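The values are calculated or read from the model by the stated rules, or taken from the named source; none is laboratory data. Keep in mind that what you see is a predicted model, and the values were worked out from it rather than measured. So basically every Cβ, Gly included, is an ideal-geometry build from the backbone, and we count neighbours across all protein chains shown. Keep in mind that these areas ignore ligands, DNA and RNA; they rest on the heavy atoms of the full protein, side chains included. Shrake-Rupley method; radii C 1.70, N 1.55, O 1.52, S 1.80 Å.
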Amino acid sequence: MRLSVLASGSKANSILLREGDTRILVDAGLGIRAMLLALQQIGERPDLIDAIFLTHEHSDHTRGLGRLLNKAPIPVYATHGTLDAISPGFARKQKAFPMNGEAVDIGPFTVSAIGVSHDAAEPAAFHIQTESDVVTIATDLGEVSRELSQAFRDSTIAVIESNHDEELLRTGPYPEVLKVRIASSTGHLSNHQTAQVLHRCRNRNLKHVVLAHLSEENNHPQLARSSACEALDNPEIAVHLTAQKTLGPILSL
Ligand SMILES: [Zn+2]
Ligand SMILES: [Zn+2]
């Protein structure tokens, strides 16, 4: 399997997973030009993508969706609430399929949605299984449920947001109302919260941790990384950073 982070951060999020000839895209937050460039850089094309899974409707996860679907009529999967919230009648106009609590099979991938706490209509994390790997992707959430912890405990790759440093957020430039929103149980995970999850969910099979959705204003990559490494306390688990304008990591397993 190959997992490529095309972008991750407060402005755009998108991850491509490939197993053999099957490709699934999780979120389409890059504008179409940046999306096409990122795909080209990893030797891929929109018309090769078999399915798009959306975590939620926020624009940093859906910005490029409309124009991507104009280029290639790719089926879209998301919760009912997310499909309804993207645009009026979206699900009728596109090949869109609500995830009704059952896993979706796309070639070798089996994808399940896990509800998360975030200020969107019906946001989800994804648990993605292939014959040899289990990937859990959770990028926008204010707290981690028992079900999601269990998903991380099963995973060989954990993609988890490490959005902000609590002190940098508190003393940073954001207006108070936004600070409260980010730090709330429907906002985003801090480095400290992420570290707690990683510590709790370490398992024998975990090979890679990808720290996602880092705030450019309220975090430093080194803070996020050191916090995660300390919590994992296992040099055999690779910890990767992501960035808004840089492709990667690209993990081949
Ligand atoms: Zn969001
Ligand atoms: Zn987001």
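Please report the antiparallel percentage of DSSP beta bridges with both residues in the chain, rounded to the nearest 5.
That works out to approximately 55 percent antiparallel.
As a test question: what accessible area, to the nearest 10 Å², does Ser226 have when a 1.4 Å probe is rolled over all protein chains in place?
60
Relative contact order of the chain, please, whole-number percent, based on alpha carbon pairs below 8 angstrom and at least 6 residues apart.
Relative contact order comes out at 19 percent.
With charges set only on the Cβ (+1 for Lys and Arg, -1 for Asp and Glu), what does the dipole of the range 110-175 come to about its Cα centre, in debye to the nearest 20?
80
Around Leu69, under 11 Å between beta carbons, what's the net of Lys plus Arg minus Asp minus Glu among the other residues?
With Lys, Arg at +1 and Asp, Glu at -1, the neighbours total +4.
When Lys and Arg each count +1 and Asp and Glu each count -1, what net charge do the other residues less than 12 Å away from His127, Cβ to Cβ, add up to?
Net of charged neighbours comes to -2.
When a/c is below 1.5 the answer is rounded, else prolate if a/b is larger than b/c, else oblate, so apply that to the range 85-190 with a ≥ b ≥ c taken from the square roots of the Cα gyration tensor eigenvalues.
oblate
Report the charge-dipole magnitude of the chain in Debye, nearest 20, computed about the Cα centre from +1 at each Lys and Arg Cβ and -1 at each Asp and Glu Cβ.
560
Given axes a ≥ b ≥ c from the Cα gyration tensor, I'd like to know whether the range 1-136 is rounded (a/c under 1.5), prolate (a/b larger than b/c) or oblate.
Taking the square roots of the gyration eigenvalues as a ≥ b ≥ c, the range 1-136 is rounded.
Over the chain, give the accessible area per residue in Å² for a 1.4 Å probe, as an integer.
Computed with neighbouring chains in place, this is 45 Å² per residue.
Determine the distance separating the Cα centre of the range 160-174 from the Cα centre of the range 1-72; give it in Å without decimals.
Taking the Cα centre of each part, the range 160-174 and the range 1-72 sit 26 Å apart.
Under a 1.4 angstrom probe, counting protein chains only, how are Arg181, Arg23, Arg92 ranked by accessible area, largest first?
Final ranking, largest accessible area leading: Arg92, Arg181, Arg23.
What figure in square angstrom, to the nearest 10, would you give for the accessible area of Thr156 with a 1.4 Å probe?
Counting only protein heavy atoms, the figure is 10 Å².
What is the log10 of I(q)/I(0) for the chain, computed with the Debye formula using one identical point scatterer on each Cα and no solvent, at q = 0.08, 0.13, 0.14, 0.17 Å⁻¹?
The Debye formula, applied to the Cα set alone, gives -0.27, -0.75, -0.88, -1.34.
Which of Gly43, Leu214, Pro88 sits farthest toward the positive end of the charge dipole of the range 2-246, with +1 on the Cβ of Lys and Arg and -1 on the Cβ of Asp and Glu?
Gly43
Compute the distribution of all C-alpha to C-alpha distances in the range 1-81, in bins of 10 Å from 0, and list the percent of pairs in each, rounded to whole numbers.
Per 10 Å bin, starting at 0, the Cα pair percentages come out as 20, 61, 19, 1.
At 1.4 Å probe size, with the rest of the protein present, what percent of the exposed accessible area of the chain is carbon and sulfur atoms?
Carbon-and-sulfur percentage of accessible area, whole number: 49.
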